Amino acid sequence: MSRPLSHPALAAADPELAALVDAEERLQTETLRLIPSENYVSTAVLEATGTVLQNKYSEGYAGRRYYEGQQNIDRVERLAADRAKAVFGVEHANVQPYSGSPANLAVYLAFAEPGDTVMGMALPMGGHLTHGWGVSATGKWFRGVQYGVRADTARIDFDEVRDLALKERPKLIFCGGTAVPRTIDFAAFAEIAREVDAVLVADIAHIAGLVAGGAHPSPVPHADVISTTTHKTLRGPRGAMLMSREQYAKPLDKAVFPGLQGGPHNHTTAAVAVALHEAAQPSFRDYAHAVVANAKALAEQLLARGFDLVSGGTDNHLILMDLTPKEVPGKIAAKALDRAGIVVNYNTVPFDTRKPFDPSGIRIGTPSLTSRGLGTEHMPQVADWITRGVEAAGAGDEDALGTVRAEVAELMAAHPAPGLVADPS
Ligand SMILES: *Cc1c(COP(=O)(O)O)cnc(C)c1O
């Protein structure tokens, strides 16, 4: 199963490390990966990340660098930025942020001073650490105030958001999150942000691919700034982008460099450009819609098997399962599913009565399995495996987990993942 010829120099120079890479490739081949922030990139994206562009320093921006020899790098970065502008319909794109967290930190640097009030969704309600949560630099250096979801619907209560904004007068309002199974109402957030004169930041890290493919409403023109990772539903390399109208271009660019970062990762920029080229193809629209169709089908199948889903289902790629009624804690379920070849993460659910490192839920999603070509017809089987895995976790039945693992591996073998050893492309 290993691919000894795919990195012959690495295998010769450092067999120990090469063996770990091969083992990881095997794991990604044989398991059903349901972590909603993960995906499989194409072989083309993978190749771009392994190019000699990584040897080059290029602090500054295209045409205004602090190093010579930028003939090719400037064109790579312009290509990536132009493609981002075309795919998302924005006036400005900065493709240099190293990842989603530093991209968000750059937004603070651009529009706020230490100690200023900022507003975001609370982490245990589905928000991200970098939206002002206490343990994050954004919560230590700024005054984070947090909104949540309603206890009865698990959806955002815009009256609560508006009241909080009017009372606290935040400089920045973040919308979007990491465990939000429902459509983000960018227009409703924009109305509140305008009322309190705050900069609205739409963090579409999770849903960027759905937005690009027309399977989730776009934050354009509602948000002042759009922050995104490139490696989740967008199916690019690990990286991030900041996008905006022209009026915010300067402060954002200055915040990324020289405010926060040094040289951009040019090999990553190249791979972002490739991913955006792929996202501009008609087939990517099909992909984005298939991700959502699969998630909705999977949610229906899980509900039919007696699972409790936060907010009762999903509008996007993500499902948050509250396992309280099954009497299996999230961490125990996640670890058992891992032994069954199904990779998920344990997660808090809104108003969780358990601790964050041992919460009540698991978070799953369909971007990766859709990249392997699985469709709605496979979702009853996937729901069945999850059910058997969670039940086996409760009963401590290791044999049942082993049986599921073998069945999963068989289906995965029939659906090679992009970029992996069995990928025919
Ligand atoms: C993943 C994520 C981030 C952070 O991205 P990293 O690349 O892990 O730093 C930021 N915001 C949201 C909403 C995310 O889902």
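Considering only protein heavy atoms, what per residue accessible area in square angstrom results for the chain with a 1.4 angstrom probe?
Dividing the accessible area of the chain by its residue count gives 42 Å².
Using the reciprocal of the averaged 1/r over all distinct C-alpha pairs, how large is the Kirkwood radius of region 286-413 in Å?
For region 286-413, inverting the mean 1/r across all distinct Cα pairs yields 14.5 Å.
Cα centroids of region 339-382 and region 125-191: how far apart, whole angstrom?
Centre-to-centre distance over Cα atoms comes out at 23 Å.
Taking amide hydrogens as modeled 1.01 Å from N in the peptide plane, which residues meet the under 5 Å criterion relative to LEU323, leaving out close sequence neighbours?
Those lying under 5 Å, H to H, from LEU323 are GLY361, ILE362.
Would you work out what percent of the accessible area of region 231-280, with all protein chains in place, is carbon or sulfur (probe 1.4 Å)?
Looking at region 231-280 in its full context, I get 53 percent from C and S.
To the nearest 10 Å², what's HIS267's accessible area with a 1.4 Å probe?
For HIS267, the solvent-accessible surface is approximately 40 Å².
As an exercise, identify the GluC sites (Glu not before Pro) in region 1-73 lying in DSSP coil whose Cβ has no more than 12 other Cβ atoms within 10 Å.
Values: sites: GLU16, GLU24, GLU25, GLU30, GLU38, GLU47, GLU59, GLU68; in loops: GLU38, GLU59, GLU68.
Filter output for region 1-73: GLU68.
GLN381 to ALA23: extension gain in nm, 0.36 nm per residue of separation minus the Cα-Cα distance? Don't skip to the end; give the middle numbers.
On the way: separation 358, 0.36 × 358 = 128.88 nm, distance 2.63 nm.
That works out to 126.3 nm of additional length.
Spelling out what I want: for every residue of region 142-159, take phi, set θ = phi - 60°, compute 6.51 cos²θ - 1.76 cosθ + 1.60 (Karplus), and round to whole Hz; glycine and proline get x.
Going residue by residue, I get 10, 9, x, 10, 10, 9, x, 10, 6, 5, 7, 10, 6, 10, 5, 9, 6, 5 Hz, with x marking Gly and Pro.
Determine, from the Cβ-Cβ distance of ALA9 and LEU166 and an R0 of 51 Å, the FRET efficiency 1/(1 + (r/R0)^6), rounded to the nearest 0.05.
Working: r = 61 Å, r/R0 = 1.19.
With a Förster radius of 51 Å, E is 0.25.
Starting from the exponent 0.38 and prefactor 2.2 Å, build the expected Rg for the chain from its residue count and divide its actual Cα Rg by it.
Working: Rg = 21.6 Å, N = 425, 2.2 N^0.38 = 21.9 Å.
Normalised by 2.2 N^0.38 Å, the Cα Rg of the chain equals 0.99.
So how much accessible area does SER42 have, in Å² to the nearest 10, using a 1.4 Å probe?
20
Calculate the dipole size of region 286-413 relative to its Cα centre from +1 charges on Lys and Arg beta carbons and -1 charges on Asp and Glu beta carbons; express the result in debye to the nearest 20.
Dipole magnitude for region 286-413 comes out near 320 debye.
Could you report the accessible area of ARG285 in Å², rounded to 10, computed with a 1.4 Å probe on the protein chains as they sit in the structure?
120
Take TRP385, TRP141 and sort them by solvent-accessible surface of the protein heavy atoms, 1.4 Å probe, largest at the top.
Values: TRP385 5, TRP141 150 Å².
Ranked list, largest accessible area first: TRP141, TRP385.
Loop-only chymotrypsin sites (Phe, Trp or Tyr not before Pro) in region 284-340, please: DSSP not H, G, I, E or B, and at most 10 other Cβ atoms within 10 Å.
Passing both the DSSP loop test and the Cβ count: no residue.
Applying 1/(1 + (r/R0)^6) with R0 = 60 Å to the Cβ-Cβ distance of ALA62 and ALA151, what FRET efficiency is obtained, to the nearest 0.05?
E between ALA62 and ALA151, to the nearest 0.05, is 0.75.
Express in nm, to one decimal, how much length is gained between THR183 and GLU327 on full extension, taking 0.36 nm for each residue of separation and deducting their alpha carbon distance.
Going from the current span to full extension adds 48.9 nm.
Over all alpha-carbon pairs of region 89-225, lay out the pair-distance distribution in 10 Å bins, whole %, shortest bin first.
Once binned at 10 Å, the Cα pair distances of region 89-225 give 12, 47, 36, 5, 0.
Specify, per residue and in Å³, the volume enclosed by the convex hull of the alpha carbon atoms belonging to region 16-56. Intermediate results must be reported in sequence, preceding the final value.
Numbers: hull volume 4.2 nm³, N = 41.
It is 102 Å³ per residue.
What are the extents of the Cα atoms of region 48-279 along their three principal axes, listed from largest to smallest and rounded to whole Å?
56, 36, 30
Could you look at region 286-413 and say what percent of its accessible area is carbon and sulfur, using a 1.4 Å probe and all protein chains?
On region 286-413, the fraction of accessible area on carbon and sulfur atoms equals 52 percent.
Could you list log10 I(q)/I(0) for region 1-138 at q = 0.10, 0.12, 0.18 Å⁻¹, which the Debye formula gives when each Cα is one point scatterer?
Calculated log10 I(q)/I(0) at the listed q: -0.59, -0.83, -1.21.
The values are calculated or read from the model by the stated rules, or taken from the named source; none is laboratory data. Note that the structure is predicted; figures quoted are calculated from it, not measured. Using ideal geometry, Cβ is built from the backbone for each residue, glycine included, and neighbour counts are taken over all protein chains shown. What goes into the accessible areas is simple: the full protein's heavy atoms, side chains included, and nothing from ligands, DNA or RNA. Shrake-Rupley method; radii C 1.70, N 1.55, O 1.52, S 1.80 Å.
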